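**Q** The structure's right below; bear with me while I get my questions together.
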2 protein chains.
Amino acid sequence: MATKWLSPQEMEAWLAFIETTGDLMKAIERDLAQYGLDRGDYQLLAILSESEDQQMRMCDLADRLRLTRSGLTRRMEGVLKKKLVSRIQSTEDGRVAFAQLTTKGFDLLKTAAPHHLESVRSLMIDLLSPAEIKAFATGFNKISANLSAE
Amino acid sequence: MATKWLSPQEMEAWLAFIETTGDLMKAIERDLAQYGLDRGDYQLLAILSESEDQQMRMCDLADRLRLTRSGLTRRMEGVLKKKLVSRIQSTEDGRVAFAQLTTKGFDLLKTAAPHHLESVRSLMIDLLSPAEIKAFATGFNKISANLSAE
DNA sequence: ACAAAGTGGTTGCGATAGCAACTATTCCCG
DNA sequence: CGGGAATAGTTGCTATCGCAACCACTTTGT
């Protein structure tokens, strides 16, 4: 079977995506560094802040963060040391531990969030036309649905 | 100044992008693993294959790969051990070394490339409408231009 | 022509994170 | 109820990669 190559337009989309994504992430991360957070920490705090009682089972949190259980154990070391999150052993299930946002963690998130948002706006969202915004939303959702569908 | 939040449409674009990109990369990487390559190795081989004499100065290669010089030194260890790339000391400038694609490296790339392309197609490109393809190309190019403009 | 500055590459160290193996607890089924 | 399977979390090991320090070579300025 002959290989069906990418059209110039397709190639441009692929290359622009692949070359730009990493740089964009680094830039966003750089803006977050002034709060002593990296992207992983920020995501962790953000997800906890939106959860019931601002806490989650380690396991579920790992899934949300796309980390393995062991990866989360390691990441927790950092935020625990900074007292942004506390660890709570479940009384109902001896295997389970919860990560809970502390007041300090919540305050830091509240401080950092507007600046993070501003990064996202100025580095990405505000550069895109409404049509492009829509295409990003629908496009990435299709890609995501396809990945989950495996 | 009041924080200007993201509109639902903007939020959807941002979340879809941020949540999907990592998963997509992992899926593409998984498809590459059957050739004993990770994405970094593949990129390295691909860039060398398109270069004059299939070789590049370490320094320039690092830039293309978005690695630091030290990062490239480490990545080279892997492909050198696999004999996919050879190292050539410059005779004109004693500081300079070149990375050059070996025949083995070129053959492996030639084998892997169609499958990689097929991954990219089936996991991303073929899922997108022509309008979305175009929006990805223009959108990411704008983001990239803005990042370089700093 | 020679010292100082610049450039290219490597190395030690530290941070992140996955895998496999392990422990502890709970669930399920006969 | 008792034992095997499943689940939750941790730990040792490994791989990647950046930073800072370092070495070697080259360029520049006087």
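**Q** Listed here are the pairs B:Lys82/B:Lys110; B:Lys26/B:Lys110; A:Lys26/A:Lys81; A:Lys83/A:Lys134; A:Lys81/B:Lys4; A:Lys81/B:Lys26; which of them are more than 27 Å apart at the Cα?
**A** The pairs that break the limit, which is 27 Å between Cα atoms, are A:Lys83/A:Lys134; A:Lys81/B:Lys4; A:Lys81/B:Lys26.
**Q** Now for a different question. Please compute the average number of Cβ atoms from other chains found within 10 Å of each residue's Cβ in peptide B:4-10.
**A** Counting Cβ atoms of other protein chains within 10 Å of each residue's Cβ and averaging gives 5.
**Q** Per residue of B:112-119, what is the mean number of Cβ atoms on other protein chains within 10 angstrom of that residue's Cβ?
**A** 2
**Q** Taking the alpha-carbon set of segment B:1-53, what are its Rg and Dmax in Å?
**A** For segment B:1-53, the Cα-based Rg and Dmax read 18.0, 56 Å.
**Q** Which values, in whole Å and largest first, are the semi-axes of the equivalent ellipsoid of the protein assembly as shown obtained as the square root of 5 times each eigenvalue of the Cα gyration tensor?
**A** Listed largest to smallest, the semi-axes of the protein assembly as shown are 37, 24, 21 Å.
**Q** With a sphere of radius 10 Å drawn around the Cβ of B:Asp63, what net charge do the other residues whose Cβ falls strictly inside it have (Lys, Arg +1; Asp, Glu -1)? The partial results should precede the final answer.
**A** Numbers: positive: B:Arg57, B:Arg64, B:Arg66, B:Arg69; negative: B:Asp60.
Around B:Asp63, the charge tally is +3.
**Q** For the peptides A:85-95, B:53-63, what is the packing order when you average, over each peptide's residues, the other Cβ atoms within 10 Å and list the highest mean first?
**A** Listed from highest to lowest mean packing, they are B:53-63, A:85-95.
**Q** While we're looking at this one, here's another question. Hey, fewest Cβ within 10 Å first, where do A:Trp5, A:Trp14 land in order?
**A** The order, fewest Cβ neighbours first, is A:Trp5, A:Trp14.
**Q** Could I ask something else about it? Note down the relative contact order for chain B as a percent, whole number, built from C-alpha pairs under 8 angstrom at least six residues apart.
**A** So the answer I get is 22 percent.
**Q** Given C-alpha coordinates of chain B, what is the ratio Rg to Rh with the Kirkwood estimate of Rh?
**A** 1.06
**Q** While we're here: Taking the Cα centroid of segment A:40-92 and of segment B:63-131, what is the distance between the two, rounded to the nearest whole Å?
**A** 36 Å
**Q** Let me ask something additional. Considering only the label points, 7 Å along Cα→Cβ from Cα, what distances in nm to one decimal separate A:Asp107 from the same position in each other copy, shortest first?
**A** Computed spacing set for this position: 6.5 nm.
**Q** Residue-wise, which Karplus ³J(HN,Hα) couplings in Hz belong to segment B:3-15, taking 6.51 cos²θ - 1.76 cosθ + 1.60, θ = phi - 60°, and x for glycine or proline?
**A** After applying 6.51 cos²θ - 1.76 cosθ + 1.60, I find 6, 8, 6, 7, 5, x, 5, 5, 4, 5, 4, 5, 5 Hz.
**Q** Taking amide H positions as placed 1.01 Å from N in the peptide plane, with prolines and chain starts having none, which residues 5 or more places from A:Val96, or on another chain, fall under 5 Å of its amide H?
**A** A:Ser90
**Q** If you don't mind, there's one more thing I want to ask. Dividing the Cα convex hull volume of segment B:47-116 by residue count, how many Å³ per residue is that?
**A** Considering the Cα atoms of segment B:47-116, their hull volume per residue is 94 Å³.
**Q** Under the definition of partner shielding as Cβ atoms of other protein chains within 10 Å of a residue Cβ, what is the mean value for peptide A:21-29? Walk me through the numbers on the way to the answer.
**A** Details: counts 9, 3, 5, 8, 3, 2, 4, 1, 0.
So the per-residue partner count for this stretch is 4.
**Q** Taking segment B:88-141 on its own, what percent of its Cα-Cα pair distances exceed 12 Å?
**A** That fraction is 75 percent.
No value in this document is a laboratory result; all are computed from the given coordinates. Please read these numbers as outputs of a predicted model, since none were measured by experiment. Note that each Cβ is placed from the backbone with ideal geometry, even for glycine, and that neighbours are counted across all protein chains shown.
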